[in-house]
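Comments concern the structure below.
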Ligand code: 3NM
């Protein structure tokens with residue numbers, strides 16, 4: 001994981017989310033601190049789900065889903081300055097998240113994904129367009145995004161994309177190509 005994170009950083013990736021759905025708090029903290037030590041301030045590090053472990057790891061922000069701490073609960077833990085991201089999966093959730101102090105909103109899954117257990121229904125490019133019309137905050141599209149469809153996702157209104165599968169297969173080549181496509 002550390003080597004892959006460094007490789008992505010070297011390609012110009014500027015934000016990484018640490019996501020660990022199976023580890024316990026102790027392992028998440030250990031790995032979070034190792035990531036922070038290895039990458040220092042060269043990449044913005046976002047902790048998935050856990051505001052407490054974001055602080056304990058020295059990360060730059062936390063990302064919460066619909067079943068985690070509420071955005072305002074997480075904000076109370078991390079304070080006014082760290083970044084808060086919120087996952088949404090439909091227009092109603094997006095509207096609700098837009099009324100919080102979130103620094104960015106995510107919409108997804110845009111396309112079918114095998115990286116998430118029990119994903120919500122796909123929203124498609126139309127879901128990205130609808131989300132764009134509902135918020136002026138930075139909008140991150142997620143779910144099944146590849147180098148092939150990334151440009152269309154940006155053209156539908158996303159400011160950027162969050163990717164797992166298409167980055168993990170060949171991180172270096174993929175990150176470079178994504179940055180070219182998104183740039
Ligand atoms: N969240 P991949 S979709 C972690 O819809 C995650 O909020 C989603 O992985 C959401 O790029 C997803 O491999 C998985 O599809 C993204």
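A short reminder: the numbers here are calculations on the coordinates, not readings from a lab. Note that the coordinates shown come from a computational prediction; the quantities given were computed from them, not determined experimentally. Here the Cβ positions follow ideal geometry from the backbone for every residue, glycine too, while neighbour counts run over all protein chains shown.
For the reader, a short list of remarks on this structure follows.
- Among 138, 171, 121, the largest mean-square fluctuation in a Gaussian network model of the chain, built with springs joining Cα atoms closer than 10 Å, belongs to 121.
- CD proxy at 222 nm, helix term only [per DSSP H run n ≥ 4: -39500 (n - 2.57); per residue of the chain; nearest 500]: -12500 deg cm²/dmol
- Relative contact order of the chain, pairs being alpha-carbon contacts under 8 Å that are 6 or more residues apart, as %: 16 percent
- Using alpha carbons only: equivalent-ellipsoid semi-axes of the stretch 17-104, gyration tensor based, whole Å: 23, 14, 11
- Summarising the overall dimensions of the chain from its C-alpha atoms, the Rg and Dmax are 15.5, 41 angstrom.
- Exposure proxy order (Cβ contacts within 10 Å, fewest to most) of 166, 52, 41: 41, 52, 166
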